[in-house]
Ligand code: ZN
Ligand code: ZN
């Protein structure tokens, strides 16, 4: 079982020193799990792991989580019971550590942050997502192996659906096939978007009971967790015969995907990968129909910084993992998206998912 990870804590502390931040407040199971193997969320109960720029971490936590926290090697635990108020514990910590500026987890519940702000109005808060994101950016060999396994499971689920899908099936039935395949392979499904026909033009369509018709284009975007690491992959295919327009649009998206991957090299700014993929779609005249960024980081979170988006100057580092997922969405008609997770290798792009087909697949 993972416990307090001193290497990760010390890398976080270096990041805090560089950014002139006095402490980091982690409050999500993902952050506290990453730093200390403490996979708990406090939900409505105030639960914060505080990491000072220098010194030992402390945990302000509900009494019912104290034993768990102790088992992770956290020494400074400040418990509170239901019916008591956690705010004075926080005020005391801020005073003891003489904090002026603190970074808070991006996904911290607003109720915690409001408690902190009301209790210590002098304390300045900054967003912590980039701070912890920086140390999670380059994946270790062990992390890469987990991401690769999660990607492989998602790939196999996609292929199983492609073997079984038929006109007359509901989007929701397709999602069940994906989820069951992932579960059978020992992973927990995290999400599955099945978007057929005109629904494919909505990038975040909520999978529905819509019945898939013959000759419709279908987008399937899905992911799962393997030992806390995520996968996320999208395939687009046609059930029946594809129209010329669908084939053409698919080929443009495929070329955009390839251009994005070809731009991947250590030292290249994230935004250049976005620009490379986008240029293909813009040059083909579909720029306005590619309304999202090209990708997002992935690891213990399904979406994490840095993002592959215009304005993201962060330079790619070896081991960084992110999605390359260009798309074209034609309202009222259909959508096409191709998404693989890639990692930055010494000399270029290394895909964790199997290669997407260069042409639109017609099933049946
Ligand atoms: Zn996706
Ligand atoms: Zn994605």
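The values are calculated or read from the model by the stated rules, or taken from the named source; none is laboratory data. Treat the numbers as computed from the prediction; the structure is a model and nothing was measured. Positions of Cβ are backbone-derived with ideal geometry, glycine not excepted, and every protein chain shown enters the neighbour counts.
Run down 211, 220 and say which single residue is at negative phi, within 16 Å of ligand 1 (Cβ to nearest atom) and touching a strand residue (DSSP E or B) at 6+ places or on another chain (Cβ under 7 Å). Write out each step before concluding.
Numbers: 211 fails: within 16 Å of ligand 1 (Cβ to nearest atom).
220 is the lone residue from the list that is at negative phi, within 16 Å of ligand 1 (Cβ to nearest atom) and touching a strand residue (DSSP E or B) at 6+ places or on another chain (Cβ under 7 Å).
Per-residue answers, yes or no, for (1) in contact (Cβ under 8 Å) with a residue 60 or more places away in the chain; (2) more than 23 Å from residue 128 (Cα to Cα); (3) buried (at least 20 other Cβ atoms within 10 Å of the Cβ):
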| site | (1), (2), (3) |
| --- | --- |
| 256 | yes, yes, yes |
| 313 | no, no, no |
| 320 | yes, no, yes |
| 330 | yes, yes, no |
| 337 | yes, yes, yes |
| 350 | no, yes, no |
| 362 | yes, yes, no |
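With respect to residue 257, is the statement that it is farther than 20 Å from residue 329 by Cβ, within 16 Å of ligand 1 (Cβ to nearest atom) and assigned by TED's automatic domain parsing to the domain that holds residue 302 true? Break it down into steps so the answer makes sense when it comes.
Details: farther than 20 Å from residue 329 by Cβ: no; within 16 Å of ligand 1 (Cβ to nearest atom): yes; assigned by TED's automatic domain parsing to the domain that holds residue 302: yes.
So residue 257 fails the test.
Can you tell me which residues in segment 227-250 are within 16 Å of ligand 1 (Cβ to nearest atom) and under 19 Å from the mean Cα position of the chain (by Cα)?
The answer is 229, 230, 231, 232, 233, 234, 235.
Having 1 or more residues that are assigned by TED's automatic domain parsing to the domain that holds residue 31 and under 13 Å from residue 25 (Cα atoms) is the bar; report the strands (runs of 3 or more DSSP E) wholly within segment 74-128 that clear it.
Values: elements: 76-80, 101-104, 124-127.
It comes to 101-104, 124-127.
Does segment 141-195 hold any residues that are outside any helix (DSSP H, G or I), under 28 Å from residue 213 (Cβ atoms) and more than 20 Å from the chain's Cα centre (by Cα), and which are they?
Hits for segment 141-195 are 165, 166, 167, 168, 169, 170, 195.
Looking at (1) farther than 21 Å from residue 306 by Cα; (2) buried (at least 19 other Cβ atoms within 10 Å of the Cβ), which is the one condition that is false for residue 167?
(2)
Taking the conditions exactly as written (in the same structural domain as residue 292 (by TED's automatic domain parsing), within 16 Å of ligand 2 (Cβ to nearest atom) and part of a helix (DSSP H, G or I)), does residue 224 satisfy them or not?
Values: in the same structural domain as residue 292 (by TED's automatic domain parsing): yes; within 16 Å of ligand 2 (Cβ to nearest atom): yes; part of a helix (DSSP H, G or I): no.
Considered against the rule, which asks whether it is in the same structural domain as residue 292 (by TED's automatic domain parsing), within 16 Å of ligand 2 (Cβ to nearest atom) and part of a helix (DSSP H, G or I), residue 224 comes out as no.
Taking strands (runs of 3 or more DSSP E) that fall entirely within segment 274-364, which contain at least 1 residues that are within 16 Å of ligand 1 (Cβ to nearest atom) and out of contact with any helix residue (DSSP H, G or I) (no Cβ under 8 Å at 6 or more places or on another chain)? Quick ask: steps written out before the conclusion?
Working: elements: 295-297, 304-308, 321-324, 327-330, 334-337, 340-344, 349-351, 361-363.
The qualifying strands (runs of 3 or more DSSP E) are 295-297, 321-324.
Which of (1) within 16 Å of ligand 1 (Cβ to nearest atom); (2) surrounded by fewer than 21 Cβ atoms within 10 Å (Cβ to Cβ); (3) within 18 Å of residue 338 (Cβ to Cβ) does residue 206 not meet, given it meets every other one?
The single condition residue 206 does not satisfy is (3).
Inspect all residues belonging to segment 5-12 and state whether any of them is touching a helix residue (DSSP H, G or I) at 6+ places or on another chain (Cβ under 7 Å) and without any contact (Cβ under 8 Å) to a residue 24 or more places away in the chain. Please lay out each step first, then the result.
Keep residues of segment 5-12 that are touching a helix residue (DSSP H, G or I) at 6+ places or on another chain (Cβ under 7 Å), which gives 5, 8-9, 11-12.
Among the residues that remain, those that are also without any contact (Cβ under 8 Å) to a residue 24 or more places away in the chain are: none.
For segment 5-12, residues touching a helix residue (DSSP H, G or I) at 6+ places or on another chain (Cβ under 7 Å) and without any contact (Cβ under 8 Å) to a residue 24 or more places away in the chain: absent.
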